[in-house]
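Comments concern the structure below.
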Amino acid sequence: MSQVSITGAEGLMDIRIRKDKILELAPAGSLAAEREEHFIFKQAIAFPGLINSHDHLDFNLFPQLGNRIYNNYREWGRDIHNANKAEISGVLRIPAPLRTQWGIYKNLLNGITTVVNHGKPLAIRDPLITVYQRSRSLHSPAFERNWKLKINSPFIKGRPVAIHLGEGTDEESSREIDSVIRWNIFKRNVIAIHGVAMDRQQASAFRALIWCPASNYFLLNKTAPVNMLSKQIDIMLGTDSTLTANWNLWEQLRIARNGKMIPDKELLDMLTGIPAKTWGLAGCGNIAEGCQADLVIAAGKRGVSVIDRFFSLNPEDLLLVIHRGNIRMIDAALLNQANLPGFEITRFSKISVNGRLKYVEGDLPGLMNRISKYYPAVAFPVSMP
């Protein structure tokens, strides 16, 4: 979009976008000039495009795989590779570029405009959202060969190092945290993922922790003690892949909120301001003049506070997702307002999200059809109307 005003009917705020930046904020109604293209929303809320700090983009066509509560991720890995060979081999028949493209859509449909991919760098052309791959990804002390050398490599100086760590409830999971602290000889900016076994003293040795509560409860029936750890280090939220967590970010957020370990405002900050600072995403994570135009507009429940409306959302409630000033997803009910320069509905495809019609950039139904040819048993959370 070259320029647009987004006007809230509650009389709260107008947001003017020019190219990829937020140009101006003003009281509602003051920016919608007669000839200026704009959307008008009634009973809607706006928030920054969310930042998902941990996902495996090419692993989001797996169903959740787990057959019991485990002591640690090593037990889980051995178990599913023995008991769930058919599901694993079926999904892996799907070419990695198709799986990766679906992973990007999974994030977009949840209102995520930046995702941090963990694993080997993926070749992605023209992604619909920002895919952050500048960190050095190490799997874990158990499954990353030569991790002690890699964490101290001179080639990663200055880059954050992300590693699965302390993903378990046993003593061995705590000891592996100590091992990484001891072997981080050159004091790299290590970002731990999961940290279920982490204590406050250990936390002080890390740059940040990525918290994935839904994944933790599914595998371990326990999550990181973030109420204590947040006093030591920055904490960011991650969805993990659908191997261990529901595709719906908003259900995961409610799991985090219901644990009552983190205040609501801080929980929102774990998806916006904190990861923007930690990953060095200048201009992201905030709605302010001069910031990047990554925005989400949503409906949600009425008659409750704004924060309660936010945490009650689901993908079907999202009305508009804007990434770097470009519409990436729009609710069908808004099409009559979408007379914007550069917006071409022919570049979008129609899908149904829990009965609500959405238009997403690209050919999502075509992608789903191509994926199904490789693995007909795959279950998508959205449908083709």
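Yes or no: ASP264 over 29 Å from ARG18 (Cβ atoms), not polar (S, T, N, Q) and not assigned by TED's automatic domain parsing to the domain that holds ARG356?
Yes, satisfied.
Hey, among PHE380, PHE348, which residue is among the aromatic types (Phe, Trp, Tyr), buried (at least 17 other Cβ atoms within 10 Å of the Cβ) and touching a strand residue (DSSP E or B) at 6+ places or on another chain (Cβ under 6 Å)?
PHE348
Which pairs do you get when a residue that is in the same structural domain as LEU92 (by TED's automatic domain parsing), found in region 66-82, comes within reach of a residue that is in a loop (DSSP other than H, G, I, E, B) and among the hydrophobic types (A, V, I, L, M, F, W, C), reach meaning Cβ atoms under 7 angstrom, with the pair 6+ apart or on two chains?
ARG74/ALA142; ILE80/LEU65
Out of region 88-101, which residues are buried (at least 19 other Cβ atoms within 10 Å of the Cβ) and assigned to a helix (DSSP H, G or I)?
Of everything in region 88-101, those that are buried (at least 19 other Cβ atoms within 10 Å of the Cβ) and assigned to a helix (DSSP H, G or I) turn out to be VAL91, ARG99, THR100, GLN101.
Per-residue answers, yes or no, for (1) in a strand (DSSP E or B); (2) at pLDDT 95 or above:
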site	(1), (2)
VAL115	yes, yes
GLY119	no, yes
ARG125	no, no
VAL131	yes, yes
SER140	no, yes
GLU144	no, yes
PHE155	no, no
SER174	no, yes
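The values are calculated or read from the model by the stated rules, or taken from the named source; none is laboratory data. Keep in mind that what you see is a predicted model, and the values were worked out from it rather than measured. Every residue, glycine among them, receives a Cβ derived from its backbone with ideal geometry; neighbour counts consider all protein chains shown.
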